[in-house]
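**Q** Here it is, the structure in full.
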Amino acid sequence: MNIKLLSLGLFLFAIFLVGSEAPFVKMTNAKCLSYNKSWVQFHYCRLKAYSRNKTSLNVNATFLEPANNIHLRLKLMKRANGYKPFLWDYEFDACEFMRKRNQPVVKMVWNLIKDVSTVNHTCPYVGLQTVSDFHRIEVPLPMPSGEYLLLLNWTFDGKPQFATNVYFNFLEDVWVKSRT
């Protein structure tokens, strides 16, 4: 009886170790484009390489006018003979989300950047807005390995203001973490 219980415990522990390995995610490019420079100006939008396998995203933008009515469109694309729609194409009211935080798709992305950004308050947004040293990416969903593009299109008062596009590689390989 004791041996069966011990072997079951070891088996469950082994499953936990294999299942708890995080996938390998590396950002490869970041592009920010302001459609209306009289409202939003980007000072920089770039990746910083720390090592071959680790990059961090740094975005610094100034909102010159107060933004009260913000809509955001999230779109996740996978590269396969060009970028094709993959998982999300989701539009939401960003000000409402910052008040209630009740949208699970958005919450997954929000949990990635909330500790490294200055956008962790409710509307209005005005002045300097940053995302600094964003490098820790934990994808909560199983996804196939490949190249991806996260498109973020920002609309203020019904008018497109800027776009933030982040390109990344995703590798679902248990053994990659031990090599990096």
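**Q** I need a count of the residues in the range 23-43 that are outside any loop (DSSP other than H, G, I, E, B) and more than 18 Å from SER56 (Cβ to Cβ). Please lay out each step first, then the result.
**A** Taking the range 23-43 and keeping what is outside any loop (DSSP other than H, G, I, E, B), we get 24-34, 40-43.
This time we only want the ones that are more than 18 Å from SER56 (Cβ to Cβ), so: 33-34, 40-41.
Qualifying residue count, the range 23-43: 4.
**Q** Another question, if that's okay. Taking the condition buried (at least 17 other Cβ atoms within 10 Å of the Cβ) and aromatic (Phe, Trp, Tyr), does PHE92 pass? Can you show your working first?
**A** Values: buried (at least 17 other Cβ atoms within 10 Å of the Cβ): no; aromatic (Phe, Trp, Tyr): yes.
So PHE92 does not fit the description; no.
**Q** Here's something else I'd like to know. May I ask you to say which residue of LEU128, LEU150, LEU141 is exposed (fewer than 13 other Cβ atoms within 10 Å of the Cβ) and under 14 Å from the mean Cα position of the chain (by Cα)?
**A** On the way: LEU128 fails: under 14 Å from the mean Cα position of the chain (by Cα); LEU150 fails: exposed (fewer than 13 other Cβ atoms within 10 Å of the Cβ).
Going through LEU128, LEU150, LEU141 in turn, the sole match is LEU141.
**Q** Another question about this same structure. In the range 59-71, is there at least one residue being among the aromatic types (Phe, Trp, Tyr) and under 18 Å from PHE170 (Cα atoms)? Reasoning before the result, please.
**A** Kept after step one, since they are among the aromatic types (Phe, Trp, Tyr), are these residues of the range 59-71: 63.
From what is left, the residues that are under 18 Å from PHE170 (Cα atoms) are none.
Looking through the range 59-71, none of the residues is among the aromatic types (Phe, Trp, Tyr) and under 18 Å from PHE170 (Cα atoms).
**Q** As an exercise: evaluate LEU72 against (1) over 21 Å from TYR167 (Cα atoms); (2) touching a helix residue (DSSP H, G or I) at 6+ places or on another chain (Cβ under 8 Å); (3) of a type in the set (A, V, I, L, M, F, W, C) and give the number of the one condition it does not meet.
**A** (1)
**Q** Next up: For the range 134-143, enumerate the residues that are out of contact with any Leu (no Cβ under 8 Å at 6 or more places or on another chain) and touching a residue at least 40 places away in the same chain (Cβ under 8 Å).
**A** The answer is VAL139, and nothing else.
**Q** Can you give me the number of residues within the range 122-133 that are out of contact with any Leu (no Cβ under 7 Å at 6 or more places or on another chain) and outside any loop (DSSP other than H, G, I, E, B)?
**A** Result for the range 122-133: 8.
**Q** When you scan the range 65-84, how many residues do you find that are part of a strand (DSSP E or B) and free of Cβ contacts under 8 Å to residues at least 60 places away in the same chain?
**A** 1
Residues are listed down the side, and each one gets a yes or a no for (1) modelled with pLDDT of 90 or more; (2) out of contact with any Gly (no Cβ under 7 Å at 6 or more places or on another chain); (3) of a type in the set (Gly, Ala, Ser); (4) exposed (fewer than 14 other Cβ atoms within 10 Å of the Cβ):
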| site | (1), (2), (3), (4) |
| --- | --- |
| PHE13 | no, yes, no, yes |
| ALA30 | yes, yes, yes, no |
| HIS43 | yes, yes, no, yes |
| TRP88 | no, yes, no, no |
| VAL106 | no, yes, no, no |
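**Q** Check PRO85, PRO66 and return the single one that is out of contact with any helix residue (DSSP H, G or I) (no Cβ under 9 Å at 6 or more places or on another chain) and closer than 19 Å to THR130 by Cα. If you could, list the steps in order and put the result at the bottom.
**A** On the way: PRO85 fails: closer than 19 Å to THR130 by Cα.
It is PRO66.
**Q** Consider only pairs whose beta carbons are under 9 Å apart and that are at least six residues apart or on different chains; among these, list those whose first residue lies in the range 98-121 and is farther than 18 Å from LEU74 by Cα and in a loop (DSSP other than H, G, I, E, B) and whose second residue is among the acidic types (Asp, Glu) and modelled with pLDDT of 85 or more.
**A** Partner pairs satisfying both residue conditions: VAL116/ASP133.
**Q** Go through (1) in a helix (DSSP H, G or I); (2) among the β-branched types (Val, Ile, Thr); (3) modelled with pLDDT of 60 or more and name the single condition VAL59 misses.
**A** Checking VAL59 against (1) in a helix (DSSP H, G or I); (2) among the β-branched types (Val, Ile, Thr); (3) modelled with pLDDT of 60 or more, the one that fails is (1).
The values are calculated or read from the model by the stated rules, or taken from the named source; none is laboratory data. Here the structure is a predicted model, which means the values were calculated and not measured. Glycine gets a Cβ as well: all are built from the backbone with ideal geometry, and neighbour counts include every protein chain shown.
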